[in-house]
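One structure is given here, and the rest of the page talks about it.
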Amino acid sequence: MDLFDRVIERRNTDCEKWDGLEQLFGAPDALPMWVADMDFAAPEPVLEALRAKIDHGVLGYTRRTDAYLEAVAGWMAERHGWPVEKEWIVFCPGVVPALNLIVQAFTEPGDKVVIQTPVYPPFYNVVKNHGRELVLNPLRKNGDRYEMDLDDLESKLDDKVKLLILCSPHNPVGRVWTREELERLAELSEKHGFLVASDEIHADLVYAPHTHTPFANISEWSKRRTIVCTAPSKTFNIAGLNTANMIIPDKELRDRFAREVAKYSLGSITPTGHAATIAAYREGGPWLDALLAYLQQNIDYALEVVAKELPELRAVKPEATYLLWLDCRGLGMSVKELNAFLLKEAKLALNNGAMFGTDGEGYVRMNLACSRATVKEGMNRLTAAVRALRQRREDSRS
Ligand SMILES: Cc1ncc(COP(=O)(O)O)c(C=O)c1O
């Protein structure tokens, strides 16, 4: 049996995904395939490091050690071919908190910030929360694959655009941006002088033959004008430990960002987050390789079911992330109807695509980071509900 086949009961552990079902969806019997965490245990070396901390018993204030910085930098060099210097790393308790601070530190009220939609919902909030103006640069669909529309972007750039928040790899459309795409984006950043906050939280969850390129490693310009947001949280399923690292090669940008972190007293790491990050980045590589092989099979399985059984739906094949972006527009339902259908008839708790922007309407995001048995159960529920709907529609026509 594969390590990841083991089903771990998560109900009654206070986790959002399972225990939040009743409150958030009003459907305690739905199968939760929504929020982006995994139903798997963290890697054994991470758990051992946490046990050692707990067994020691004293959980006081913790400093970031050289071992921590070396583990982060070592991972970036080894997994992403990116030579990171230890002093470039600035801690923040999460990537979303960091994006809020970036918007505050590097833009003024009334400035414009670009996001590429449909996209992870907090990207909208981190701009709007601070009175900055959102500029939407919708991704373009080429068949079932999304691409950046850089001509549209260029047409929207003016001297009020100060920042672009890049999602790389992209949640929810699963793209791993190619070096060429990123180079073109970096050229626009140089020509028009905007900063890039590159959210690379999904960078480790990339499937061959795709490879992730850190945006700060694209050009001399991008190295000076990029804040790369990273975290071990998605990769090793330790999001609850609130540990993230912003990698900022340029000293001026870095100092400005660090001042913003200090202003809100957000620079303190937990002893568990510190220990887990060191263990994960030092020893988690083999576990991650096994995870990626398992997730790829989950994805292949779901794609096959959609292709064979669900002609009304179209799946966007993820090049990264464990999230499947499903085009359900063929069902001919409004956002509200689709929500109700999935929840009440398929008994599935998914993220409705409309959360990711108006260009996500008619889509859903399905989290496949669970045991194969759960993926099968989810796809069976979906297939049975769509079949019953098809039948009802046929019956009403005859
Ligand atoms: C693109 C992206 N950024 C950030 C986050 C969350 O980051 P954090 O929990 O570190 O704030 C997620 C979680 O799903 C995500 O998908």
Practice problem: Take the residues in the stretch 22-46 that are surrounded by 20 or more Cβ atoms within 10 Å (Cβ to Cβ) and farther than 15 Å from LEU291 by Cβ, then tell me which one is nearest to the ligand (Cβ to nearest atom). | Solution: TRP34
Quiz item: Inside the stretch 295-398, counting only strands (runs of 3 or more DSSP E) that do not spill past its ends, which hold 2 or more residues that are under 18 Å from PHE25 (Cα atoms) and in contact (Cβ under 8 Å) with a residue 40 or more places away in the chain?
Solution: 363-367
Quiz item: Among the helices (runs of 4 or more DSSP H) confined wholly to the stretch 162-242, which include 3 or more residues that are on the phi < 0 side of the Ramachandran plot and away from the ligand (no atom under 13 Å from the Cβ)?
Solution: 179-192, 220-224
Exercise. Search the stretch 256-287 for residues being among the polar types (S, T, N, Q) and part of a helix (DSSP H, G or I), and hand back the single one that is farthest from the chain's Cα centre (by Cα).
Key: THR272
Quiz item: If you check every pair at least six apart or on different chains, which have Cβ atoms under 8 Å apart with a residue in the stretch 218-242 that is in the same structural domain as PHE194 (by TED's automatic domain parsing) and closer than 27 Å to GLU252 by Cβ first and a residue that is among the basic types (Lys, Arg) and away from the ligand (no atom under 16 Å from the Cβ) second?
Solution: ILE218/ARG179
Practice problem: Go through the stretch 4-38 and give me each residue that's within 17 Å of TYR322 (Cα to Cα) and assigned to a helix (DSSP H, G or I). | Solution: PHE4, ASP5, LYS17
Quiz prompt | Breaking point among (1) surrounded by 15 or more Cβ atoms within 10 Å (Cβ to Cβ); (2) free of Cβ contacts under 8 Å to residues at least 40 places away in the same chain, for LYS128 | solution = (1)
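The values are calculated or read from the model by the stated rules, or taken from the named source; none is laboratory data. These figures come from a predicted structure and were not determined experimentally. We place every Cβ from the backbone using ideal geometry, glycine too, and count neighbours over all the protein chains shown.
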